[in-house]
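The structure under discussion appears below in the form of structure tokens.
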Amino acid sequence: MTEITKEIVAEHGLSESEYERVLDILGREPNLTELGIFSVMWSEHCSYKSSKKWLKTLPTEAPWVICGPGENAGVVDIGDGQAAIFKMESHNHPSYIEPYQGAATGVGGILRDVFTMGARPVANMNALRFGRPDHPKTRHLVSGVVSGIGGYGNCMGIPTVGGETNFHSSYDGNILVNAMTVGLADTDKIFYSAAAGIGNPVVYVGSKTGRDGIHGATMASAEFDDDSEEKRPTVQVGDPFTEKLLLEACLELMATDAIVAIQDMGAAGLTSSSFEMADKGGVGIQLDLDNVPMREEGMTPYEIMLSESQERMLMVLKPGREDEARAIFEKWELDFSVIGSVTDTGRMVLTMHGEKVADLPVAPLADAAPEYDRPWVKTEAPAAINGNDVAESNDLGAALLKIMGSSEIASRKWIWEQYDHMVMGDTIQRPGGDAAVVRVHGTDKALAITTDCTPRYCYADPETGGAQAIAETWRNLTATGATPLAVTDCMNFGNPERPEIMGQFVGCIDGMRKACTELDYPVVSGNVSLYNETNGTGIHPTPAIGGVGVLKQSDHMSTIAFKNEKDVILLVGETTGEMGQSIYLREIEGREEGAPPRVDLPAEKRNGDFVRAAIHDGLVTASHDVADGGLAVALAEMALAGNLGAEIFQHKTDLTHTAYLFAEDQARYVITSSSQDAEKLLERAMEAGVPIEIIGTTGQNELNIADMLHISVSDIRDRHSNWLPSLMDR
Amino acid sequence: MKAAVIVFPGSNCDRDMKVAFEQSSGKPAQMVWHADSELPDCDLIGIPGGFSYGDYLRCGAIAGNSPIMKEVVKKAASGTPVLAVCNGFQVATETGMLPGALLRNANQKFICKDVDLKVVSENDRFVGGFETGQVARLPVAHHDGNYFADDETLARLEGEGQIAFKYADADGNVTDETNINGSCNNIAGIYNQAGNILGLMPHPERLISEQLGGTDGKTLIDTLINSLN
């Protein structure tokens, strides 16, 4: 038997004090298999040991929340006995090392999280962050990640309906690949993971177990250095066809009442799935590892328990239902094996070749995982930059064109044309708008889905950035006419052992908490990815938020495209000239400076509720939230989408033209309406105390902004659509 | 009118095709499992898009040898119309029901977008709802849609009115620029010699209402269903 030395303990990522705790719990030294199990269960990735204290402060409840954080995914009621089930998860480290497989298995993992709960996945989204465009690895990573996401989702037949992509040097050595899945289920057919029923069979289904991905969860909990490429063997390999079979087989079995509990094998594979099921059910489990379907000969208990082979599930069945379940999995040509049973011992007992190879208490291992209150320092908020602190541009048209063709604003069409975004036949708002919208099949309802985060705001002022990320998703859903319901969060940060990084985390959570509370928009699921650093340099703090909303009547949906000539264009919300951290400042003046725009949550709520009601009542012909790049970019995007220009009047503010057009003040929307309806909108806004102003009319094929700028829509289109292809296809 | 849709384990446009058939016919379409060795009584067969058996080998290669496809080939030979979309088109070429093969897209990437298609040949059953030469807009979503056939086959397809659609621009010009995937002669869809089988890469079942972004797919499927009533 391998002797457990200090070096072996350290290689398993356990600190000395954590190892002391292991010895306390067991009252003896662990064997290597047991040490491996502790290592993954107590990894940052599985235990949330640095983040738990803060995650607990987020609001997670609302009358429509059926299941909040803690299960495989969050569940919200969307009416008529139906539920939306969703979650976002990171696959950052594997995607940097092996972009195609890393991204593909990230999609596979999040799909399993959703269909484990009984939902048929209906939409995939993603949030991607790459290094600066001219970094030598960026093109390779973009190409691999995009084809990996497409390769998996396209084969599964789940539409990938949108997402967001940023490029910034802070991600040069550590990209972010966050994948989100939304599924649909009936509220009375939702499956959970708590094992129950002493003596009930524990069943393994799906792919065979191989040696791939061993210690993936531990890798995800450490920083990168120059030797990270050597970690390639810890990246799993995806097989979307098998996952498609697993999806159909699971849903077919779920239509019966044979399942007691079910859990996918994701990070830390069989270890974390079996412990979580036992822990949630307050029971023990015994497993005979000889019965685990294996891809290769001679696998050790250590390897079997830590493998992260993909496309596998663990279930507890009702007694006597094995044959019925087996027939379904055999029909889909998948492995099905009874590998153990539920016990009343509260222990996880593993045997192989007739010998006991591990015997661990479940509750202490799962619940008594270390929890840290890491020291943190608050990020010093930089001074605001007001409109009048920025010089007036001497060529506003050139500035707008440059921004439309910049890495932040340019069209992502090159990416989403590689994703099948129409399969399943319910996509009624395709990528490129404020949020994607998919119909709830066979009903009048639809779900709106978006992912957002503005990392440069979070870096400058984590609290404001955290609040802004929540508010922007809420605004994007609102701009389609949907009622925002809840969010999933994917918290990507650097090394939490550094107080300034921990301070970013604490600040972002605080901002998110305030925004979720004020907007009645709880967090129902999420994931934390820490140690996103290479050689001691952390990424920009990136709390990626996935928001989901519902449209009761899908034909009330609004889009960003200008629709008709001579519609009235209105700006909702106040423009004060917030230029700090703006795209204008970065792209035109080369400065990444200042405070991010303030987030006024009561104003967000008031303005958003006004816009949503106006859309619902049929007064609005187009709507778009004003975000990166400010008013000028919002107008240009609406013109591009509708292939229709606009005539914008001279503004009446005392701001410079530059600040009026490019400030990134929050809580704003551009909407259009017929001239009769515009009068109604003005009246309604007055009553609701919402700042609103008629700023122009649609028409022609140019964007003319008073005497400030005149550009043809086709010139804007050229700049906007060419940037990414010219980067990638050269 | 009874329609059947073939379902391979990796089919993923089977439901979309069923929905489109049912919308046009008002009658339920039957789903037929790949391992079955008999077709139900039907007068239209749909072979849907997807990844039949994973398609890690050559797209449609294994599906082409499945039990149900032997029956489909027989039934098609007796004149039953077949609509083979995307992966279904790939499967149809693998069985020899249609000539040629679908190779990897010239740009090596998956392509999902609406494309303009020139309606090339008359075939009332499938494209009677369009004028010959008209442009129809349908979405594509494929990685392997690059149609290839030898010169002799291409000449026959061109000469005998077997080309259904070509990738074009909005005005119906067929050029290298409009050839999204590198297909020989910009071919997006073809008929068999008897004209009862249409194989095409674009997905008519995806554009069947204004809410989905267009109705040219509905026009095609309505025409097909009406021809059987």
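Every read-out reported here was derived from the displayed coordinates using simple, explicitly stated rules and does not represent laboratory data. None of these values were measured; they are calculated from a predicted model. Cβ placement follows ideal geometry from the backbone for every residue including glycine, while neighbour counts extend to all protein chains displayed.
The mean count of C-beta atoms from other chains within 10 Å of the C-beta of residues in A:414-422, rounded to a whole number, is 6.
By counting other Cβ atoms within 10 Å of each Cβ, how are A:621, A:480 ranked from fewest to most?
On the way: A:621 22, A:480 28.
Going from least to most buried by this count: A:621, A:480.
Based on Cα contacts under 8 Å between residues 6+ apart, region B:108-229 shows a relative contact order of 29 percent. Kindly flag which residue pairs out of A:566/A:652; A:514/A:552; B:18/B:218; A:208/A:244 have an alpha-carbon separation exceeding 18 Å in this structure. Among A:566/A:652; A:514/A:552; B:18/B:218; A:208/A:244, the Cα-Cα distance tops 18 Å for A:566/A:652; A:514/A:552.
Can you tell me the relative contact order of chain A? Whole percent, Cα pairs under 8 Å, sequence separation 6 or more. List each step's numbers first, then the result.
Values: 1900 pairs, mean separation 112.5, N = 730.
RCO, chain A: 15 percent.
Working note: Karplus 6.51/-1.76/1.60 with θ = phi - 60° gives region A:333-342 the couplings 6, 10, 5, 9, 8, 6, 10, x, 8, 7 Hz, where Gly and Pro are set to x. In terms of surrounding Cβ atoms within a 10 Å radius of their Cβ, A:662, B:130, B:148 rank from fewest to most as B:148, B:130, A:662. Per-residue packing, averaged as other Cβ atoms within 10 Å, sorts the ranges A:67-74, A:451-458 into the order A:451-458, A:67-74, beginning with the highest. Averaging Cα coordinates gives a centre for region A:113-185 and one for region B:70-143; these two points are 30 Å apart.
Remark: B:33, A:723 ranked as B:33, A:723, counting other beta-carbon atoms within 10 Å and listing the fewest first. Where q = 0.13, 0.21, 0.32 Å⁻¹, what log10 of I(q)/I(0) comes from the Debye formula for region B:142-187, counting one point per Cα? Summing over Cα pairs of region B:142-187 leads to -0.29, -0.73, -1.18. The residue among A:483, A:364, A:709 whose Cα reaches farthest toward the positive pole of the charge dipole of chain A, with charges on the beta-carbon of Lys, Arg, Asp and Glu, is A:483. Can you list the aspartates and glutamates whose alpha carbon sits under 12 Å from that of residue A:318, skipping same-chain ones fewer than 8 residues off? Residue A:318 reaches A:257. Taking the average, over residues, of other Cβ atoms within 10 Å as the packing measure, peptides A:686-698, A:574-586, A:83-95 rank A:83-95, A:574-586, A:686-698 from highest down. Using C-alpha pairs under 8 Å with a sequence gap of at least 6, the mean separation divided by the residue count of region B:3-226 gives a relative contact order of 20 percent.
Sort region A:447-503 into rounded, prolate or oblate with this rule: let a ≥ b ≥ c be the square roots of the eigenvalues of the Cα gyration tensor; rounded if a/c is under 1.5, and if a/c is not under 1.5, prolate when a/b is larger than b/c, oblate otherwise.
Details: a/c = 3.54, a/b = 2.37, b/c = 1.50.
Prolate.
Peptide A:148-160 shows a mean partner chain C-beta count of 3 within 10 Å per residue C-beta. Computed over region B:3-226, the alpha-carbon pair-distance distribution with 5 angstrom bins reads 1, 8, 16, 22, 22, 18, 10, 3, 0, 0, each value a whole percent. For a test of the definition: using alpha carbon positions, the gyration tensor, and the 1.5 limit on a/c, classify region A:1-90 as rounded, prolate or oblate. Cα axes put region A:1-90 in the prolate bin.
The distance between label points at residue A:3 and residue A:609 comes to 7.0 nm (points 7 Å beyond Cα on the Cα→Cβ vector).
Given a Förster distance of 25 angstrom, what is the FRET efficiency for residue A:189 paired with residue A:57, based on the Cβ-Cβ distance and rounded to 0.05? Kindly include the intermediate steps, with their values, before the conclusion.
On the way: r = 32 Å, r/R0 = 1.29.
Rounded to the nearest 0.05, the efficiency is 0.20.
Name the GluC sites (Glu not before Pro) in region A:264-351 that are in a loop by DSSP and that have at most 15 other C-beta atoms within 10 Å, would you?
Working: sites: A:276, A:296, A:297, A:303, A:308, A:311, A:322, A:324, A:330, A:333; in loops: A:296, A:297, A:308, A:311, A:333.
Counting only loop positions with at most 15 other Cβ atoms within 10 Å, the GluC sites (Glu not before Pro) in region A:264-351 are A:296, A:297, A:333.
Counting only residues at least eight positions apart within a chain, or on another chain, the lysines with an alpha carbon under 19 Å from that of residue B:75 are B:2. In straight-distance terms, cross-link reach from residue B:109 covers every one of the aspartates and glutamates whose alpha-carbon lies under 15 Å from its own, apart from those fewer than eight places away in the same chain; here that gives A:417, A:420, A:729, B:144. Peptide B:136-143 is shielded by partner chain Cβ atoms: per residue, an average of 3 of them sit within 10 Å of its Cβ.
Secondary structure note: in chain A, about 80% of the DSSP beta bridges are antiparallel. Taking a point 7 Å out from the Cα of residue A:676 in the direction of its Cβ, the residues of region A:563-583 whose backbone N falls within less than 18 Å of it are A:564-569.
For the pairs A:413/A:680; A:6/A:56; A:49/A:378, note any where the Cα-Cα span goes beyond 31 Å.
Details: A:413/A:680 36 Å; A:6/A:56 34 Å; A:49/A:378 20 Å.
Over 31 Å Cα-Cα: A:413/A:680; A:6/A:56.
Note down the net charge around residue A:155, summing +1 for each Lys or Arg and -1 for each Asp or Glu among other residues with Cβ under 11 Å from its Cβ. Spell out each step's value before the answer.
Values: positive: A:244; negative: A:239, A:243, A:420, B:55.
Taking every Cβ under 11 Å from that of residue A:155, the sum is -3.
So, R0 is 51 Å and r is the distance between the beta-carbons of residue A:535 and residue B:226; what FRET efficiency does that work out to, to 0.05? With a Förster radius of 51 Å, E is 0.15. Under Stokes-Einstein, with the Kirkwood radius over Cα pairs as Rh, the value for chain A at 25 °C and 0.890 mPa s is 94 µm²/s. Please give the residues of region A:176-200, grouped as numeric ranges, whose backbone N is less than 15 Å from a label point set 7 Å along the Cα-to-Cβ vector of residue A:291. Taking a point 7 Å out along Cα→Cβ of residue A:291, the residues of region A:176-200 whose backbone N falls under 15 Å are A:198-200.
Volume per residue for region A:497-648 equals 167 cubic angstrom (convex hull of Cα atoms).
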